[in-house]
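Here's the structure, in structure tokens; my notes come after.
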Amino acid sequence: MKNFVEELRWRGMLAQMMPGTEEFLMKEMVSAYLGTDPTADSLHIGHLCGIMMLRHLQRCGHKPYLLVGGATGMIGDPSGKSQERNLLDTETLYHNQEAIKKQVSKFLDFDSTEPNKAEMVNNYDWMKDFTFLDFARTVGKHITVNYMMAKDSVKRRLNGEASDGLSFTEFTYQLLQGYDFLYQYQHYNIKLQLGGNDQWGNMTTGSELIRRTLGSEAEAYCLTCPLITKADGKKFGKTESGNIWLDRNRTSPYAFYQFWLNVSDDDAAKYIKIFTSLDRPTIEGLIAEHSEDPGRRTLQRRLAEEVTRMVHSQEDLDMAIAASNILFGKSTKENLLQLDEQTFNDVFKDVPHFEVSKELLGQPAVEIMNQEGMTIFPSKSEMRKLVKGGGVSLNKEKLAAFDQVITADDLIDGKYLLVQKGKKNYFLIIVK
């Protein structure tokens, strides 16, 4: 059995753990769980550190459980949040749960016959018929208000200047999360809870509840990973356009690949340990190779490849690399036509866009590309000179003549014309 704690430690994935956790994990196969809220039908890369913890746990011979918080997700957790969450109906929760399981199946083995195969559970199953009287008697009597008030997550919300206070619903969240640990301890023999470091207070309430309910000899442990930040201290995983999702319909594989490709050198050295399963000698070799010639971006390329392949597929990775080469390397019209529309739009989202009417089709290129308001060429005569010198391409093919007729057959996805001036200047004409 591999040392799970040591695996996390060298990867920079260990923040806190209760005394005795490492020794306990070396004694026997341990069942451990990590909770996630089904508030969307996709996880984003902010969830990935926790999912990778479960992946390493299973690879070290232990049994991972992913707890979907169907019940607690309806309420909202005060840890690091400023507002309560919206209530979700059971149909939406079930849909989100199934979508999340499909995503996590790429990281964990749910289907093997091994004793440590992964499991998914939903706390809505044991909370939906749990009455308030049951809750008060089973949970409430064991944990004092003093104990709950001492938690940092509660104190921050109560003392925050911008806070409207803390509702009773949110105040009881740590007890609900604590009961999850107790219930799973009793029914699934789960003795370790994993989570982000902002969850430490809620997690230790669970281990405390187990000891106060079942006796001080009950073995229950907690272990957290650090909250991942960027080298500049900003929150990891967010861009100007929002979260980087694992769902291809929310974030295309190309945009996903580009996110990892564009991280800083310092972040790449950190992230390749956290978000890949590459072993220590391989990673140390990559870091050494990168330091010899940072301009080649060895770390970023390998990181982007590993994570994109793991979250999506080899085929999606190949598409993302091919799409990247369209802007930054040699490519052909055939490469362009292989892109789906979402990827095509992602690749060219930052180039100047112009719209023209489809009634212009059938006219010469010099007319279509020099409509009023367009800034592709300074003038028609300048365009003639550039075309003559082989400096203008349409859809990655050299424009044969400035008066070449543009037809519907030239359109990509039935509506786009990609104009390239020189090597690096791209313009997108959208025909409507």
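Just a few scattered comments:
- A compact globular protein would have a Cα radius of gyration near 2.2 N^0.38 Å; the ratio found for region 173-286 is 1.41.
- Span-like helix ranges in the chain, DSSP H, alpha carbon extent 15 angstrom or more, Kyte mean at least -0.5: 48-59, 200-214, 298-311, 314-328
- Cross-link partners of LYS349 among lysines (Cα-Cα below 23 Å; sequence separation of 8 or more within a chain): LYS238, LYS330, LYS333, LYS358, LYS396, LYS398, LYS415, LYS421, LYS423, LYS424, LYS432
- Measuring spread by the Cα atoms of region 4-225 yields a radius of gyration and Dmax of 16.8, 53 Å.
- Of all lysines in the structure, the ones whose alpha carbon falls short of 20 Å from that of LYS2, not counting any fewer than 8 places away in one chain, are LYS27, LYS63, LYS117, LYS191, LYS273.
- Gyration tensor analysis over the Cα atoms of region 353-431 returns equivalent ellipsoid semi-axes of 17, 13, 12 Å (largest first, whole Å).
- For the chain: accessible area per residue (Å², 1.4 Å): 48 Å²
- Annotation: amide H-H contacts under 5 Å for ALA231 (H modelled 1.01 Å from N, sequence separation of 5 or more, or interchain): ASP267.
- Computed log₁₀ I(q)/I(0) - Debye formula, equal Cα scatterers, no solvent, region 223-286, q 0.12, 0.14, 0.17 Å⁻¹: -0.36, -0.48, -0.71
- Evaluated over the chain, the Cα radius of gyration and Dmax, each in Å: 27.0, 88
- GNM flexibility winner over the chain from ASP267, ASP180, ASP350 (Cα, springs under 10 Å): ASP350
- For region 238-348, the alpha carbon convex hull comes to 108 Å³ per residue, rounded to a whole number.
- Cα-based Rg / Dmax (Å) for region 99-237: 17.2, 53
- Carbon/sulfur fraction of accessible area - the chain, other protein chains in place, 1.4 Å, %: 48 percent
- Mean-position separation - Cα centroids, region 400-432 and region 183-216, in angstrom: 61 Å
The values are calculated or read from the model by the stated rules, or taken from the named source; none is laboratory data. Since we're looking at a predicted model, the values are computed, not measured. Ligands, DNA and RNA are stripped out before the accessible areas are found, and what is left, the full protein with its side chains, is counted by its heavy atoms. Shrake-Rupley method; radii C 1.70, N 1.55, O 1.52, S 1.80 Å.
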